[in-house]
Amino acid sequence: MAAGVETVAEELRAAYGGGKTRDLEWRVSQLKALLKIINLHENEIVEALRSDLNKPEYEAFVHEIAGASSACKLALKELRRWTMPEKVKTTMTTYPSSAHIVSEPLGVVLVISTWNYPFILSIEPIIGAISAGNAVVLKPSEVSPATSAVLSKLLGEYMDTSAVRVVEGSVPETTVLLEQKWDKIFYTGNSKVGRIVLAAAAKHLTPVVLELGGKSPVVVDSNIDLKVAARRIISGKWGCNNGQTCVSPDYVITTKEYASKLVDAFACEMENFYGKDPLQSNDLSSVVNSRHFDRLINLLDDEKVSGKIVLGGQRDKTKLKIAPSIILNPSEDSLIMNEEIFGPLLPIITVDKIEDCIGIITSKEKPLAAYLFSNNEKLKNDFISNVSSGGMVINDTTLHLAEASLPFGGVGESGMGSYHGKFSFDAFSHKKAVLKRGFNGDVSVRYPPYTNGKLNF
Ligand code: NAD
């Protein structure tokens, strides 16, 4: 373990205590440094993402670099407005008075990130932490070592390391970090480790944001533009890191009679996108490592799935590639219907009536995202009202997370808290209630002795 990991929170607390991170100019300088990293080192970041995930350059740029850059630019543009005290109305109870909500930094915060979007999922929480005036430690994922190394090198070179630090490492390092006292922990990853983080945070009464995953359903009605729907589902599944995305469509629900049309549309568009042999396509990321490859093959080769693969199924372990695969009606108790897939496999389950989808979804843990393709207004309204999920998109997939005006986060098993845009600033701020009064209007009715006359006031 690198020297100083045990004491990093304490060290940064000294910098935070000195007040530098609260200064607006410091925050601006650090956000500008982040932007400089993104602008000057794009190629290095793309290369690291290629090395970790074989991520296509287009996806590396659009999903990670451009996303991080626009989050940073938005924070720079809005920072002064976000930090201004928000005036709120007062009532007769406190008359005469004025009231404000003052956003103050929490202190020293820890960001633990994951491997699937290892750049933006590290940078975007840091943008929130710095904007809000905190000192921050980032622990990137050991599963994406090239990006972890680039983050450590570049943040070390460009940022004020007295208040912004990167600690590389895996479970031992994270465990040592979690023993320390933080003012907020922002964790992205699976829910098993989410529970470890929450338990460690409880010891110090540290608040947490948990950005977790889950099984995000896609419901496909039959009254739609099928070609557009198929393309948008493919784009949100295989076009986002080959299914290794937290909001990736995890399973599809459609009607029995529509299923074969949907499978045909997937087959046709998939061939348009990835050619006849998708294992040869350069537009699909690899599976991140052989552990995850074996996990996915185990889902695919489950006897409860056998004979139900209607598209794909090919694999090449030497290249860590699995072809986009569609499984029609795996049994309810199959592994693939009970674990988050997080890879290029997509089961389709069928129902008699499309309205049955709501009962199926609500019988499971609350997902991070839910998608519906339909032109039926009643179904859309029922879906929005009755399905609880972190976020939702009607007639597309995954795009909600590109809107900085929407909070991004889970609910229940898919997480707690949210970020993106101003929500990132809020995630790392304390909202302090400030009531101001003068010395006029002092009424004796509030003071003892509590006579009957005062009760009747
Ligand atoms: P991972 O293996 O990289 O783990 C995440 C982090 O937890 C890493 O930094 C790792 O070092 C740390 N960690 C692992 N085991 C630990 C332990 N025992 N104690 C302390 N720390 C530990 O990533 P993962 O969990 O495989 O990530 C995939 C999951 O993340 C999926 O469930 C996915 O849906 C979810 N995810 C969520 C979001 C979101 O924004 N909501 C984004 C991406 C991924």
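Please treat every number below as a calculation from the coordinates, not as lab data. In this text, all values refer to a predicted model and were calculated from it rather than measured experimentally. Ideal geometry is used to build each Cβ from the backbone, glycine not excepted, and the neighbour counts take in all protein chains shown.
General remarks:
- Yes/no for L346 being within 22 Å of the chain's Cα centre (by Cα), surrounded by 16 or more Cβ atoms within 10 Å (Cβ to Cβ) and within 15 Å of the ligand (Cβ to nearest atom): no
- Wholly within the range 207-279, strands (runs of 3 or more DSSP E) carrying at least 3 residues that are hydroxyl-bearing (S, T, Y): 249-255
- Residue within the range 169-186 that is away from the ligand (no atom under 13 Å from the Cβ) and either closer than 27 Å to P56 by Cα or of a type in the set (A, V, I, L, M) (or both) present: no
- Residue tally, condition out of contact with any Pro (no Cβ under 6 Å at 6 or more places or on another chain) and touching a residue at least 12 places away in the same chain (Cβ under 8 Å), over the range 305-324: 11
- Residues within the range 211-233 that are more than 25 Å from T114 (Cα to Cα) and within 16 Å of the ligand (Cβ to nearest atom), tallied: 0
- Top-ranked residue of the range 294-320 - restricted to ones that are surrounded by 21 or more Cβ atoms within 10 Å (Cβ to Cβ) and among the aliphatic types (A, V, I, L, M), ranked as farthest from S191 (Cα to Cα): V305
- Only listed residue being among the β-branched types (V, I, T), in contact with a Leu (Cβ under 7 Å, 6 or more places away or on another chain) and within 15 Å of the ligand (Cβ to nearest atom), chosen from I127, I196: I127
- For the range 140-165, taking the residues that are within 13 Å of the ligand (Cβ to nearest atom) and in contact with a Ser or Thr (Cβ under 6 Å, 6 or more places away or on another chain), the one that is farthest from S429 (Cα to Cα) is identified as E142.
- Residue count for the range 231-271 satisfying the condition of being under 24 Å from the mean Cα position of the chain (by Cα), over 18 Å from M392 (Cβ atoms) and of a type in the set (A, V, I, L, M, F, W, C): 2.
- Boolean, A323 is over 29 Å from the mean Cα position of the chain (by Cα), buried (at least 19 other Cβ atoms within 10 Å of the Cβ) and either among the polar types (S, T, N, Q) or under 20 Å from S235 (Cα atoms) (or both): no
- Residues (surrounded by 23 or more Cβ atoms within 10 Å (Cβ to Cβ) and either closer than 24 Å to G359 by Cα or hydroxyl-bearing (S, T, Y) (or both)) located in the range 218-235: V218, V219, V220, A229, A230, I233
- Filter result for G412 (surrounded by fewer than 18 Cβ atoms within 10 Å (Cβ to Cβ) and within 14 Å of the ligand (Cβ to nearest atom)): yes
- Selection status of S285, touching a residue at least 60 places away in the same chain (Cβ under 8 Å), surrounded by 22 or more Cβ atoms within 10 Å (Cβ to Cβ) and of a type outside the set (F, W, Y): yes
To keep it simple, each residue is scored yes or no on (1) among the aromatic types (F, W, Y); (2) away from the ligand (no atom under 14 Å from the Cβ).
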residue	(1), (2)
G359	no, yes
L368	no, no
N376	no, yes
F408	yes, no
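- Set side by side, the residues G243, G275, G313 differ, and just one is among the small types (G, A, S), in contact with a Lys or Arg (Cβ under 6 Å, 6 or more places away or on another chain) and on the phi > 0 side of the Ramachandran plot, which is G243.
- Among the residues of the range 283-300, those identified as small (G, A, S) and in a loop (DSSP other than H, G, I, E, B) are S285, S286.
- Filter result for the condition that a residue is touching a Gly at 6+ places or on another chain (Cβ under 7 Å), more than 16 Å from the ligand (Cβ to nearest atom) and either within 17 Å of L138 (Cβ to Cβ) or of a type in the set (A, V, I, L, M) (or both), over L74, L40: L74
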